[in-house]
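A quick write-up on the structure given underneath.
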Amino acid sequence: MKHICNMYERDMHKLTQSLHGCASDLTIPFYTEVEIKEVNGLLKLQHIGKQFDGKDVLDDISFEVGTGEIISLLGPSGSGKTTLLNIILGLTAPDSGQIIWNEADVTQMPMGKRGFNIVFQDYALFPHLNAYENIIYGLRNKKGVVSEKEVREFIDLLELSPHLKKKIGELSGGQKQRVALARTLVMKPNILLLDEPLSALDGVIKESIKQRIQSIAREFKLTTVIVTHDPEEALTLSDKVLIIDQGKVSRFGTPGEIIHQPGNDFVKRFIINQLEIKRHNIFNLFGDQYA
Ligand SMILES: Nc1ncnc2c1ncn2[C@@H]1O[C@H](COP(=O)(O)OP(=O)(O)OP(=O)(O)O)[C@@H](O)[C@H]1O
Ligand SMILES: [Mg+2]
């Protein structure tokens, strides 16, 4: 008998104990036992370069993401964030450099074989299917990836049970975002890639989804790379932030390092100034205790 014991299942078991009430009428026709899969989630990018139309879009990008770490790619519009995310995913080939995953060079490996998965900025959900059908869509040809219990646990974790039968057009922005996240998580990606996943959400929903992303990365040791152009989001969500300026690494460090040692004028201008303006606005609204 196959051992039902991979990284996610062990960690999921812990989580299950604190979860109740799965949707009772769900059927997962593709459920089979899950094979053993031990992953050391270290991702290394080494000297990545990419040109479009003879122009450098990414130039000598190197950084590492540890197992279960959340890294933000932060930079202004057009700085190369999505291109870098697509290179990690395998959708775009770099012109130079290597991608090392789990100690193997995956630079030439096709996207499907890498087992990384992405949540696109526009969610890319199927409008003719309901929320639940969207969540399990990718499992049609992936027998044995996930157990029925695990799918239900992801649905509960993202508080989607009341919305499963709704068509995509009947969901709010935050609910669509959670469906897109659930759809990606049930595939049990080796790496979770998120392209501006929070940009369309309002403050309260944004904070709640931020916390969910953090708890998923921690609980399941899921290495996560998230693109954003919002400094506050990057610095409050991530373990480390890679700041990109016109395709080059401007700064790579923890939120504390970036705030206390910005290192260059671009970081001061782009990050620190924006945060100080926010702080100033809040101080004006609420008074001294927020100074
Ligand atoms: N397929 C492509 N062909 C030609 N140029 C491209 C292509 N994809 C991206 N670019 C260019 O590469 C640069 C970086 O684009 P990219 O989408 O990575 O930026 P971004 O940082 O994600 O921006 P945004 O915050 O606006 O999403 C831009 O100048 C863009 O026009
Ligand atoms: Mg982009």
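Summary of computed values
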{"quantity": "Answer from Lys221, Lys142 - the residue that is away from ligand 1 (no atom under 16 Å from the Cβ), surrounded by fewer than 22 Cβ atoms within 10 Å (Cβ to Cβ) and over 30 Å from His47 (Cβ atoms)", "calculated": "Lys142"}
{"quantity": "Matching residues, the stretch 121-139, being farther than 17 Å from Lys165 by Cβ, in contact (Cβ under 8 Å) with a residue 24 or more places away in the chain and either crowded, with 21+ Cβ neighbours inside 10 Å or of a type outside the set (S, T, N, Q) (or both)", "calculated": "Tyr123, Ala124, Gly138, Leu139"}
{"quantity": "Count of residues meeting criterion [touching a strand residue (DSSP E or B) at 6+ places or on another chain (Cβ under 8 Å) and either aromatic (Phe, Trp, Tyr) or near ligand 2 (Cβ under 8 Å from one of its atoms) (or both)] in the stretch 73-82", "calculated": "2"}
{"quantity": "Among residues of the stretch 233-266, those that are under 23 Å from the mean Cα position of the chain (by Cα) and within 20 Å of Leu84 (Cβ to Cβ), counted", "calculated": "23"}
{"quantity": "Counted residues, the stretch 201-221 - those being free of Cβ contacts under 8 Å to residues at least 40 places away in the same chain and part of a loop (DSSP other than H, G, I, E, B)", "calculated": "2"}
{"quantity": "Those residues of the stretch 233-258 which are within 14 Å of ligand 1 (Cβ to nearest atom) and closer than 27 Å to Ile205 by Cβ, in sequence order", "calculated": "Glu233, Ala234, Leu242, Ile243, Ile244"}
{"quantity": "Single residue of the stretch 49-70 satisfying the filter (more than 16 Å from ligand 2 (Cβ to nearest atom) and under 23 Å from Gly112 (Cβ atoms)) that is surrounded by the fewest Cβ atoms within 10 Å (Cβ to Cβ)", "calculated": "Thr67"}
{"quantity": "Matching entry among Asp288, Asp230, Asp265, Asp202 (being farther than 22 Å from Gly41 by Cα, within 16 Å of ligand 1 (Cβ to nearest atom) and not aromatic (Phe, Trp, Tyr))", "calculated": "Asp230"}
{"quantity": "Evaluation of Val227 against (1) touching an Asp or Glu at 6+ places or on another chain (Cβ under 6 Å); (2) β-branched (Val, Ile, Thr); (3) assigned to a helix (DSSP H, G or I) (one fails), failing number", "calculated": "(3)"}
{"quantity": "Residues (free of Cβ contacts under 8 Å to residues at least 60 places away in the same chain and within 16 Å of ligand 2 (Cβ to nearest atom)) located in the stretch 84-106", "calculated": "Asn86, Ile87, Leu91, Thr92"}
{"quantity": "Restricting the stretch 248-291 to residues that are hydroxyl-bearing (Ser, Thr, Tyr) and either touching a residue at least 60 places away in the same chain (Cβ under 8 Å) or part of a helix (DSSP H, G or I) (or both), the residue that is farthest from Asp59 (Cα to Cα)", "calculated": "Tyr290"}
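Values quoted throughout were computed directly from the atomic coordinates according to the rules given, and no laboratory measurement underlies them. Fair warning: this is a prediction, and the values are worked out from it, not measured in the lab. A quick note on method: Cβ atoms are made from the backbone with ideal geometry, for glycine too, and the neighbour counts reach across all protein chains shown.
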